[in-house]
Structure formats: structure tokens, C-alpha cells
């Protein structure tokens, strides 16, 4: 016989629970005259419907029973075997097919239909108890969230003190977060924030490494930075503890980050060249690659139409155009600088709408709805359905309000000065400036062996908003 013993929680790791189960199972085997070949222990392992952990020992035991290594299985009680009715049904089918014995210290009999029915009923009761326990835990968690107490698990979040469970902020880090917030409002980038933090000696809380763009984004994307408490993806309310940014400031940051987010093409990595993605083959319309090449000992950059690229007509690149990049780049630079020189700072437009009244009304409705639910005046299903709709409307208004705030608070930046800063760390901002001036550039072949500079019409620069006939839209 094989003995299977399991306990869901063993915080001290002393295995006292499974030892008690094994003792009771051995006493049963001794009374029945059964020999024990192997014990299958599974300590600190849940078998409930909510658990996603695998049970390798349980799987091993079933395999041994199928292969005849053990001729029966003994458990302390049915809920030690499983708390899932579907898993119990599968176990009974396996037992019937392979003919191994099964017994519990509580005396269940699987040899008759009535015995199997009683066992199934007990399994259903065990599953129900697990689900009720899960509901109680979830309701307790929801109540904490409703009280403004966020979940405090995981590694330390930048801006909060170690071991404070998100209840205390780190003043120095809060100062950096607010500095980064102002940089983003002033048309800065996450890269600018990373440089500012690194220059001040700040390091990431997880590994103590330098900041980069993605790590900065993760900080500002965290709802906890704005004191937002959520439960199962739903915005529940505001934290009662201090937090680096207000909800409104956090939503302003989301608007800024969302406005900068552009879908990357398949296989795209970090850009290394200013005009990557802007150059199109004049023959087939596919996006041209920019690469370094070495010919006869000379190393230079060139752009080429490649057969792996898909053209405007849905076909592969023609491969007919290969050009040195320096002359093309110089011509495009002239166009961009001329466009920037014509720009004049524009007066900031007054906000078109004041949404504070509508937001206040929705917030009051949510508070009234929550109080009614807490007092037992609403069913859970009706409450969460109504809360979802109200929260969605509120989020829409707050997003519009955040966009307005971002427009009002951003200061005018000298785009020409940013453009002339050719540091690689500034590449992202320079590409954004290019995208505000140029839609794309068509590049045509100039033939082989040409010594004189190419003709001006060997490239065609399409400004933003230009129509196919060359006029402005």
C-alpha cells in the first residue's frame, strides 16, 4: 500500500500535520493487515480550487498505482486527497480502471455505488468549504481596500520606506519622483528623468542599479505612486497613507506616457540612427534599412532597400536602392532646421472645459453607492456592476482633465536647441522633433560609380500633412 499525506499550510516547516496523518494511516494499515511500501508526503501544499500549484507527489502516487507498484492508497480523509470535485471524480475513475484499493481512516467505501456517492458528496462539501473560505478572504481584502489600505506585497517600491507596507514614504525619493514629474510636464522624456536621478546618485530599490527609461516608466506606471487603491483591476479609492503624487498628478503622467507610446514594428529594437523608419524606397515604398558598411577599407553609413522588408504594395522590397547616408542626412537636416527656425512660441490656449463639477458629482455618487452596499442595501453583483460603470465614466473625465492640465502646465521648449544636441542620449527627443516636421523621405537610385554629388531630386522629402500631389493638407 501507499500512504498519501498532505497539509495546506506549514508555516514553521516542522511537518507535524503530515506526521499525525501518517501515524493514523499506518494504524489503519496495521489493523487491516496491509503492508506499507511507500509514503507520499506533500507538505505545505494546497489542493483547493483556488490553488495553481502543481502536486508532483500526488501525480507520482497515481502513476505508481496505475503501473501496479502499489496495490492501494490510504489517506487520512477525503479532503487530504483533494478539495476539487472534478479531481476526485477523475481519481475514482482511475481507481475503477486500474483496480487499486482505496481507504481513508474515516471508513469510506468505494466498492459500492452508495459508498462512491457518499465519497463524492464529502468531496463536494470539501470544495464548498474551500470556496467559502476564499470568499471570506476576498471580502476581507476588499474591505481593507475600501478603507484605503493598499496591498503591500512584493519588493520595495521606489518612494516608500523598506518594510513600511506602503504606509511611510522615503522623503529623498519622493523629492526625486516629484522632480521627474516636473521634467515630464516640461516636455522632458523618461530618459531625461533617468539621467537626473542617476546624476543625483539614486539607484533602483531592487538591485541597486542605475536608472534607465523602462525602470523610470515602471515607477510612474505604478498606481501606488498616486495613492490609488485597486482590487482585482478595479479602482476602489484613494490610499489613507502618504504617497509621492496625488491622483491627479499620477493621471497627468499617464497621459504624458501614453502620448509618447508608439507601437514598435516587428523585431524593432532600440533606435541607433536618427532617420531610421523615415526613409522609404522610391521604387517600391518599403522602409529602408540604415547600416554601417566597410568597402575598400573605408567605413561609412548607408541606407538600403532590403528584400526582407514589405513594401507599400504588400510585396517584398525591390533591393534597387542603396545609397550613402551622409548626403541624404545633410539635406534632411537642412529642412528640419529651416522648419524649426520658423517656429514661434504660441500662446497657451485656455482650457476649453472645466470638468471639476462633473468629477465631484461622480465621486459623490460612488461614495453614496459604497455606503449603501456596506449597509447591506445592495447585492454584491449589483454593487460591482454599478461601480464599474461609474468608475469608467469617472476615469474618462479624469483623463480629459489630465490632458488639459498637461497642456496648460507645459513650458515652451526651445526645439532648435534640443535638435542641435547630438548626444545619443538625446536621440529619442530629436526623432520626436523630426516626426513633427517630416512624414517620410523617398530615396531613389543614382546609379553606380557616380563621383559628383547626387541631384537634389534624388530624394523627395514629404512634410507632415502633405498630400500626394505635394500640397499641404
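The values are calculated or read from the model by the stated rules, or taken from the named source; none is laboratory data. All values reported here derive from a predicted model rather than from experimental measurement. Here the Cβ positions follow ideal geometry from the backbone for every residue, glycine too, while neighbour counts run over all protein chains shown.
Which residues, counting only those in segment 364-382, are part of a loop (DSSP other than H, G, I, E, B) and surrounded by 11 or more Cβ atoms within 10 Å (Cβ to Cβ)?
The answer is 377, 378.
Residue 386 - would you say it is within 30 Å of residue 322 (Cα to Cα), at pLDDT 75 or above and in contact with a helix residue (DSSP H, G or I) (Cβ under 9 Å, 6 or more places away or on another chain)?
It is false that residue 386 is within 30 Å of residue 322 (Cα to Cα), at pLDDT 75 or above and in contact with a helix residue (DSSP H, G or I) (Cβ under 9 Å, 6 or more places away or on another chain).
Inside segment 54-75, can you point out the residues that are under 41 Å from the mean Cα position of the chain (by Cα) and part of a helix (DSSP H, G or I)?
Correct list: 56, 57, 58, 59, 60, 61, 62, 63.
Within segment 421-447, can you find the residues that are at pLDDT 90 or above and surrounded by fewer than 18 Cβ atoms within 10 Å (Cβ to Cβ)?
Result: 439, 442, 444.
Kindly indicate the residue of segment 221-253 that is outside any helix (DSSP H, G or I) and at pLDDT 85 or above and also farthest from residue 156 (Cα to Cα) among those meeting that condition.
246
Sort out which residues of segment 177-210 are buried (at least 21 other Cβ atoms within 10 Å of the Cβ) and farther than 22 Å from residue 418 by Cα, and write them in order of number.
Listed by number, the list holds a single entry, 177.
I want to confirm something. Restricting to segment 167-176 and keeping residues that are closer than 22 Å to residue 238 by Cβ and in contact (Cβ under 8 Å) with a residue 24 or more places away in the chain, which single residue is surrounded by the fewest Cβ atoms within 10 Å (Cβ to Cβ)?
168
Does residue 316 satisfy the condition of being at pLDDT below 80 and either within 35 Å of the chain's Cα centre (by Cα) or surrounded by 12 or more Cβ atoms within 10 Å (Cβ to Cβ) (or both)?
Considered against the rule, which asks whether it is at pLDDT below 80 and either within 35 Å of the chain's Cα centre (by Cα) or surrounded by 12 or more Cβ atoms within 10 Å (Cβ to Cβ) (or both), residue 316 comes out as yes.
Would you pick out the residues in segment 27-40 that are within 11 Å of residue 4 (Cα to Cα) and assigned to a helix (DSSP H, G or I)?
none
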